[in-house]
Amino acid sequence: MKEGRSTTIPWKRMVAWTTLFLVLTGAGSLVYCWHLSSQIEKRFSARRWSIPSRAFSDTTLLYPGQRTNRVLLHEALRRLGYREVAHKPEHKGEMRTSSSRADIFLHDLQVLSRKREGFPVQIQFLQDEIASITRLDNRESLAILELEPEEMTLFFGPERERRQLVSLDQVPEHLIFAILAAEDSRFYRHHGFDPKSMLRAFYTNLRHGGIRQGGSTITQQLAKSYFLTPRRTLLRKAKELLMSLTMEVMYDKSDILEIYLNEIYLGQDGSVSINGVGEASCFYFGKPLAELSLAETAVIAGLIKGPNHYSPCTEKKRCRNRRNAVLRAMNRHGWISEEALQIALTSPIETVDITAYRKRAPYFIDHLSKQLTTLYSPETLSSLGLSIYTTLDTQVQMAAERALSKGLDRLETSYPALQRVAAEQKLQGAIVVIQPKTGYILAMVGGRDYSVSQFNRITQARRQPGSAFKPFVFVSGLDTFTPASLLSNEPRSYVVDGKVWRPQNYEPMGEDRVRLRYALAKSINRATVDLAVRVGLDRVVSTAKAFRFTTLVKPLLSLSLGAFEVIPLELARAYCAFAADGVLPYPLCLKGVSDENGRILERRHMTIERVISPAKAFIMSSMLRSAVTFGTARSLNDMGISFPVAGKTGTTNDYRDAWFIGYTPDILALVWVGFDNAEPIHAPGSAAALPVWAELIKAIPQHISGNWFQMPPGVVRKTICTQTGALASRRSRCKPMEEFFLADHVPTPHPGKPPFNRIVEEFKDVIESF
Amino acid sequence: MSLRVFETVLVLVLSGLTLSSCGAPIWVPPESRLPPPQGAEEASRTPAPLSPRVLASLRLTDQGRTLLERGKTDDAISLLERAVSLHPTNGENYYYLAEAWLMKGNPAQAAEFNRLAGTYLKEDPLWMEKVLTQRKRIEALGQRV
């Protein structure tokens, strides 16, 4: 009996202890699961992902008769994700180009409050001109075609993840089947973990003596990537298991699958990771999920196992094998037919061009970011997935970047003294291109190399404008002087700040008196100072203030020759008034912002203010046209610029800054060249900045109409004597020319000489004629 | 011989002086002989009335006007701005932009665009009538044009 008790008690004890252990473990697990559930709920109910906001360029307009730069247009199409195909484009994002035409199946277009379904279109070219644009689906001729905007940058938070959220009903069924086939074919049959597949994986790994197969279900993978560290420990595995079970209890399968599809890591773009199937579809194939082929869905599903190992861009063979394995698994499960399998197995893998992620137009984006920070916090920008639409024209931006780079290289080759070894000491340059009527900033290059220097020389630099400021002295004088008025070109001394100052001309000028038009065209310093003195410096200063220069200091006489600092963007903006009927536009870079659902949050439009009359603006443009035809910028005519242009060069003391600001009624561009530390560049604006301008403008024919300004009301055209600047008459003995005047400010005829002298002179003429 | 030359010269001088006194006070030589002021040749050359650029712009103007009629002011402004960028001398764009800014309750911007419309539509009496009516509406809001 004793013995019997002694054998019974340990057995009973063991059962009791085991039961207690199981109860305690179960209770502990339940408590822990309850703890996990609150963690999961908190994570799932809050915003699940930070979606970086995206900044887009402006859309591109194409129309028949438009001159284009075929190279830049083709590059823009490639950046937009259009891929070359040999056949007639049948799907969105495909294009077939030849020397005379481009057949493009357009992507959908979505900009602020506008949506357009993609359609196939044919653009016929006659050399560099668009001959016609025809829809290929209904043969309709189009008067205008709008290409979608380009993504310029993403406003990342610390995660640096690209992601486009998709709902489960947006995901094609064959993609879901492909992912299930690749990762978890029993997803709809298990409860978070799958002992069968775990055992199979365990056996496979044991057989190969290493980890060859993972047994994690989709729910486990989600738990791992959403809540846990990638470390492989037993404790973490147990936690993953409990978390999966808890998730399955709390949420239904479709919720878990949808989160998984948006969360999963699918590749790398430079320093940025590609997450979620929505982003992967656009990143690899340049199209939304709904347009993916069966084979392409299998590629994406195959990537989950190792996005970089099976990359369709770099590891094509490996990727094809993996894709085919996924396709065969789909067929094995009965999710695709044998026929579909055979077609998909033989289809090639065609991805869009992928270049490592980098901020495009970085100086422009920095300028934009500064404006955005007044509207949104950095956290909002990096998490709410806003779409930010800008005025940037990517083709103009590319042309500007290349023109500056080539121009500076050329200068360094021509003037070896300009070469510097240290990257941060190299010769610098900057360009801004503005549409003068609207103020849209089309391009901005704030320096030679953004990776070396992020200092934006268009918006942050303060440089002396030199002669580029002279037009503002001349426009100050238009109430009392005319383009035909005479100015003194004689050497004179002035007292500036208690010191004697003798302005010198850049080159010797024989004439003692010169007309205003001539003085501005030839950029004559002495005549400009004479004008400033006669007009009054206060008046020049008030003109500069009216043109919104914010950096004026003292009203010194040297101001008239641009011996003060300006912000280049302000200088470009001020010139816009001459090109826009006297109206000063606000330099606009932001057009609008919408949230991830397309709701418009912000809208910006052109804003203008009149600073001078259209008549004065016209006369200024006419005089600045002279600078190009016979003045300091005349070399422009030898650089292939055959259409009317107005412009002004600028060179500062000791050649520290070289400027050229040139414009047509359609476009205005400012080019600055110099060293950051103000060392001399040994070249004037006409040699350093002007060739860059010419190169840029020639590359963007789509922005040049070739028209000139229409003569506005309040301007009259009269014949004058070139020598006196007075109206020409029968009595005046002079070389006549035509000149524009403000209608209420026309000069009087020259009084002429006494009658007797005239008779003698005419008598002499007659004699000479014999 | 010398007397005959003197007589000829005298006749020519006198007839020249007589003719000159009969002429207009300001002598304007034929255009072709004069060097034009810079921009004159282009100023007198009006752009082709229906160039492709103008046609594309007119299409945008039309779409902008339609949006304006539907009350989609911001969308209309965006399109009209694109139209301005293609065809900056089409005064109709400025007229509609002035309308849009009036609808947005900004008479100051409306005044600026109305002025530009007046500049470019001055040769068109029908349009000028509309521009002047618009101007009165802007001025009625206390904004000088």
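Where residues in region A:693-710 are surrounded by 19 or more Cβ atoms within 10 Å (Cβ to Cβ) and part of a helix (DSSP H, G or I), which of them is farthest from the other protein chains (Cβ to nearest Cβ)?
Once the filter is applied, the top-ranked residue is A:E695.
Can you spot a residue in region A:711-724 that is in a loop (DSSP other than H, G, I, E, B) and without any contact (Cβ under 8 Å) to a residue 60 or more places away in the chain? Before the answer, list the steps.
Applying the first criterion (in a loop (DSSP other than H, G, I, E, B)) to region A:711-724 yields A:711-714, A:722-724.
With the extra rule that they be without any contact (Cβ under 8 Å) to a residue 60 or more places away in the chain, the set shrinks to A:723.
There is at least one residue in region A:711-724 that is in a loop (DSSP other than H, G, I, E, B) and without any contact (Cβ under 8 Å) to a residue 60 or more places away in the chain.
Check whether at least one residue in region A:624-635 is crowded, with 23+ Cβ neighbours inside 10 Å, away from chain B (no Cβ under 13 Å), touching a helix residue (DSSP H, G or I) at 6+ places or on another chain (Cβ under 9 Å) and not basic (K, R), and report yes or no.
The answer is yes, given that some residue of region A:624-635 is crowded, with 23+ Cβ neighbours inside 10 Å, away from chain B (no Cβ under 13 Å), touching a helix residue (DSSP H, G or I) at 6+ places or on another chain (Cβ under 9 Å) and not basic (K, R).
A:P644 versus (1) within 11 Å of chain B (Cβ to nearest Cβ); (2) part of a loop (DSSP other than H, G, I, E, B); (3) under 26 Å from A:A546 (Cα atoms): which is the lone unmet condition?
For A:P644, the exception is condition (3).
Give me a count of the residues in region A:642-652 that are at pLDDT 95 or above and either surrounded by fewer than 24 Cβ atoms within 10 Å (Cβ to Cβ) or under 18 Å from A:A580 (Cβ atoms) (or both).
Selection size over region A:642-652: 6.
All but one of (1) surrounded by fewer than 21 Cβ atoms within 10 Å (Cβ to Cβ); (2) of a type in the set (G, A, S); (3) touching a residue at least 12 places away in the same chain (Cβ under 8 Å) hold for A:G466; state the number of the condition that does not hold.
Failed condition: (1).
Among the residues of region B:94-143 satisfying the criterion of being closer than 16 Å to A:I608 by Cβ and charged (D, E, K, R), which is nearest to the chain's Cα centre (by Cα)?
B:R115
Within region A:694-745, can you find the residues that are of a type in the set (D, E, K, R) and more than 21 Å from A:A633 (Cα to Cα)?
A:R717, A:K718, A:R730, A:R731, A:R733, A:K735, A:E738, A:D744
Report, by residue number, each residue of region A:670-685 that is surrounded by 24 or more Cβ atoms within 10 Å (Cβ to Cβ) and in contact with a helix residue (DSSP H, G or I) (Cβ under 6 Å, 6 or more places away or on another chain).
The answer is A:L670, A:V671, A:W672, A:V673, A:I681.
Take A:A683 and decide whether it is away from chain B (no Cβ under 14 Å), among the aliphatic types (A, V, I, L, M), more than 18 Å from A:V445 (Cα to Cα) and assigned to a helix (DSSP H, G or I). Spell out how you get there, then give the answer.
Working: away from chain B (no Cβ under 14 Å): yes; among the aliphatic types (A, V, I, L, M): yes; more than 18 Å from A:V445 (Cα to Cα): yes; assigned to a helix (DSSP H, G or I): no.
Against the criterion (away from chain B (no Cβ under 14 Å), among the aliphatic types (A, V, I, L, M), more than 18 Å from A:V445 (Cα to Cα) and assigned to a helix (DSSP H, G or I)), A:A683 does not qualify.
When the residues of region A:48-71 are filtered to those that are among the β-branched types (V, I, T) and in contact (Cβ under 8 Å) with a residue 12 or more places away in the chain, which remaining residue is farthest from A:K698 (Cα to Cα)? Outline the logic, then answer.
As a first pass, look at region A:48-71 and keep what is among the β-branched types (V, I, T): A:51, A:59-60, A:68, A:71.
Okay, now just the ones that are also in contact (Cβ under 8 Å) with a residue 12 or more places away in the chain, so A:51, A:59-60, A:68.
Working: A:I51: 40, A:T59: 21, A:T60: 18, A:T68: 10 Å.
Across region A:48-71, the extreme among qualifying residues is A:I51.
Hey, among the residues in region A:571-605 that are in a loop (DSSP other than H, G, I, E, B) and touching a Pro at 6+ places or on another chain (Cβ under 6 Å), which one's farthest from the other protein chains (Cβ to nearest Cβ)?
It comes out as A:G582.
Of everything in region B:49-94, what is part of a helix (DSSP H, G or I) and closer than 20 Å to A:A577 by Cα? Give them in sequence order.
Our first condition is that a residue be part of a helix (DSSP H, G or I); within region B:49-94, this holds for B:52-69, B:73-86, B:91-94.
If the condition is that a residue be part of a helix (DSSP H, G or I) and closer than 20 Å to A:A577 by Cα, then B:L80, B:E81, B:R82, B:A83, B:V84, B:S85, B:L86, B:G91, B:N93, B:Y94 are the ones that fit.
Scan region A:305-315 for residues that are out of contact with any Phe, Trp or Tyr (no Cβ under 8 Å at 6 or more places or on another chain) and within 14 Å of A:Y265 (Cβ to Cβ) and report the count. Spell out the reasoning first.
To start, the set of residues in region A:305-315 that are out of contact with any Phe, Trp or Tyr (no Cβ under 8 Å at 6 or more places or on another chain) comprises A:305-306, A:308-311, A:314-315.
Of the ones still in play, those that are also within 14 Å of A:Y265 (Cβ to Cβ) are A:305-306, A:308-311.
Here the count works out to 6.
Just to check your reading of the model, which residue among A:I343, A:I349, A:I354, A:I336 is assigned to a loop (DSSP other than H, G, I, E, B) and over 36 Å from the mean Cα position of the chain (by Cα)? First the steps, then the outcome.
Details: A:I343 fails: assigned to a loop (DSSP other than H, G, I, E, B); A:I349 fails: over 36 Å from the mean Cα position of the chain (by Cα); A:I354 fails: over 36 Å from the mean Cα position of the chain (by Cα).
Answer to the check: A:I336.
Looking at region A:156-175, which of the residues that are assigned to a helix (DSSP H, G or I) and surrounded by fewer than 20 Cβ atoms within 10 Å (Cβ to Cβ) is farthest from the chain's Cα centre (by Cα)?
A:E173
Among the residues of region A:74-96, is any β-branched (V, I, T) and over 26 Å from the mean Cα position of the chain (by Cα)?
We begin by selecting, within region A:74-96, every residue β-branched (V, I, T); these are A:85.
Among the residues that remain, those that are also over 26 Å from the mean Cα position of the chain (by Cα) are: A:85.
Yes, there is a match, as at least one residue in region A:74-96 is β-branched (V, I, T) and over 26 Å from the mean Cα position of the chain (by Cα).
Please go through region A:546-573 and give me each residue that is over 23 Å from the mean Cα position of the chain (by Cα) and either closer than 12 Å to A:E609 by Cα or among the aliphatic types (A, V, I, L, M) (or both), ordered by number. Spell out the reasoning first.
So the first thing to find is which residues in region A:546-573 are over 23 Å from the mean Cα position of the chain (by Cα), and the list is A:546-566.
A:A546, A:F547, A:R548, A:L552, A:V553, A:L556, A:L557, A:L559, A:L561, A:A563, A:V566 - these are the residues of region A:546-573 that are over 23 Å from the mean Cα position of the chain (by Cα) and either closer than 12 Å to A:E609 by Cα or among the aliphatic types (A, V, I, L, M) (or both).
Check every one of the helices (runs of 4 or more DSSP H) wholly within region A:218-284 and list those with 1 or more residues that are acidic (D, E).
In region A:218-284, the matching helices (runs of 4 or more DSSP H) lie at A:234-250, A:253-263.
Need pairs with beta-carbon distance below 6 Å; first residue more than 14 Å from chain B (Cβ to nearest Cβ) and assigned to a loop (DSSP other than H, G, I, E, B) and within region A:426-453, second buried (at least 23 other Cβ atoms within 10 Å of the Cβ) and charged (D, E, K, R); sequence gap 6+ or separate chains.
A:G446/A:R457; A:G447/A:R457
Identify, by number, the condition in (1) over 19 Å from A:V71 (Cα atoms); (2) more than 14 Å from every other protein chain (Cβ to nearest Cβ); (3) touching a helix residue (DSSP H, G or I) at 6+ places or on another chain (Cβ under 8 Å); (4) at pLDDT below 95 that A:A143 doesn't meet.
Status for A:A143: all satisfied but (2).
The values are calculated or read from the model by the stated rules, or taken from the named source; none is laboratory data. Quantities reported herein were computed from a predicted structural model and do not represent experimental measurements. Cβ coordinates were reconstructed from backbone atoms using ideal geometry, including for glycine residues, and neighbour counts include every protein chain displayed.
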